[in-house]
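The values are calculated or read from the model by the stated rules, or taken from the named source; none is laboratory data. Remember, predicted model here, so these are calculated numbers, not experimental data. Every residue, glycine among them, receives a Cβ derived from its backbone with ideal geometry; neighbour counts consider all protein chains shown.
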Amino acid sequence: MTSATRRRRAVSDEDKSQRRDQIMAAAKEVFARKGFHATTIADIAKRAGLAYGSVYWYFDSKDELFHALMAAEEGTLRDHVVSALAAAGVPAADAGHEEPLRVAVRATLEFFESDKATVQLLLRDPYAMGERFEKHLGGIYERFIDDIETFIVAAQARGEVVAAPPRMVAYALAALVGQLAHRRLRTDDDVTAAEVADFVVALALDGLRPREAG
């Protein structure tokens, strides 16, 4: 292979990556606005400014495109939370302490507020999407539950959280954050994500703190 051929291939690969990103950005916007079932490949191609058939060079079906988009959004959110923890000087592995939870909740809310389409996608009810998406979207949700459960188990080991089933507690916290994220999409209040995070963490930890007998 000549150097000119290698350069052409590199450019071609870069163009393909950019075109794929272009399609996914368009799909994200249309899925968030219309929902999965009402969205067509033609809708996505039109929003991306591409010919209908161009989408199929990168994705075999609307299902495959949706799965790829969900995986990308999950990864972006996780990276954002890890970066926020690092910027705050809080080790991500420092499980079970109040400050990592506060930073993670705040970063999650800030991420959703800066990218409202992600809320519409990641926080959809997986059961409403149909059986073929229940496992995929449910898997994303369960991985976030795993993260919260790790915090709860560590806090319980130090005696700072009541001895309730940690998975159940994790679901309760996730539901609280999810509902607040949805609510904040539809309100124009001036409460910041940091203030909401403080409220969530204080409410959760105070409610979960063991009570002295008598």
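Worth a mention:
- Counting only helices (runs of 4 or more DSSP H) wholly contained in the stretch 93-203, the ones carrying 1 or more residues that are at pLDDT 80 or above, farther than 26 Å from His67 by Cβ and among the basic types (Lys, Arg) occupy 98-114.
So that you can scan it fast, the table gives a plain yes or no per residue for (1) closer than 26 Å to Glu113 by Cα; (2) in contact with a helix residue (DSSP H, G or I) (Cβ under 7 Å, 6 or more places away or on another chain); (3) assigned by TED's automatic domain parsing to the domain that holds Tyr141:
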residue	(1), (2), (3)
Arg20	yes, no, no
Ile23	yes, yes, no
Lys28	yes, yes, no
Phe31	yes, yes, no
Ala38	yes, no, no
Leu65	yes, yes, yes
